[in-house]
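Take a look at this one; I'll ask things after.
The values are calculated or read from the model by the stated rules, or taken from the named source; none is laboratory data. Because the structure is a prediction, the values reported are computed rather than measured. Ideal geometry is used to build each Cβ from the backbone, glycine not excepted, and the neighbour counts take in all protein chains shown. Accessible surface is based on the protein model in full, side chains and every heavy atom, while ligands, DNA and RNA are left aside. Shrake-Rupley method; radii C 1.70, N 1.55, O 1.52, S 1.80 Å.
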Amino acid sequence: MRYMTRFFTKLMNRYLPDAFVIAIILTMVTIALAVTLQGANLIEVTYFWGSGFWDLLEFAMQMAIVLLTGYVLAKAPIVDRVINAIISPIKKTFYCNCNCNIGRWYW
């Protein structure tokens, strides 16, 4: 098992590009498609990409704040006790059966 995990780790480290490289490639593909299929020139595409990026950044920061606030609220001692009190009566087998049934339903 250790040999197999080392093999796949080396394979991914060698051939899987960095996330930034993938983002650059996808950006270039998007620009090429916008120029060829939509008939927009390079200046328009650059403007749209730049203005849209800041809208996405604003949304991403809002979602980060929602996640952070939810985590902090869930880890507050009083809320943590309430959540544990709600969850404690649930049997593990019931939880497992629910997850298995949901998994079959989605499959």
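Keeping all protein chains in the complex and leaving out DNA, RNA and ligands, what accessible area do you get for MET4 with a 1.4 Å probe, in Å² to the nearest 10?
Rounded to the nearest 10, the figure is 90 Å².
Let a ≥ b ≥ c be the square roots of the eigenvalues of the Cα gyration tensor of segment 1-78; is it rounded (a/c under 1.5), or, if not, prolate (a/b larger than b/c) or oblate?
Because a/c hits 1.5 or more and a/b fails to exceed b/c, segment 1-78 counts as oblate.
Moving to a separate point now. According to a simple spin-label model (label point 7 Å from Cα along Cα-to-Cβ), what is the distance in nm between LEU26 and TRP54?
About 2.3 nm separates the two model spin labels.
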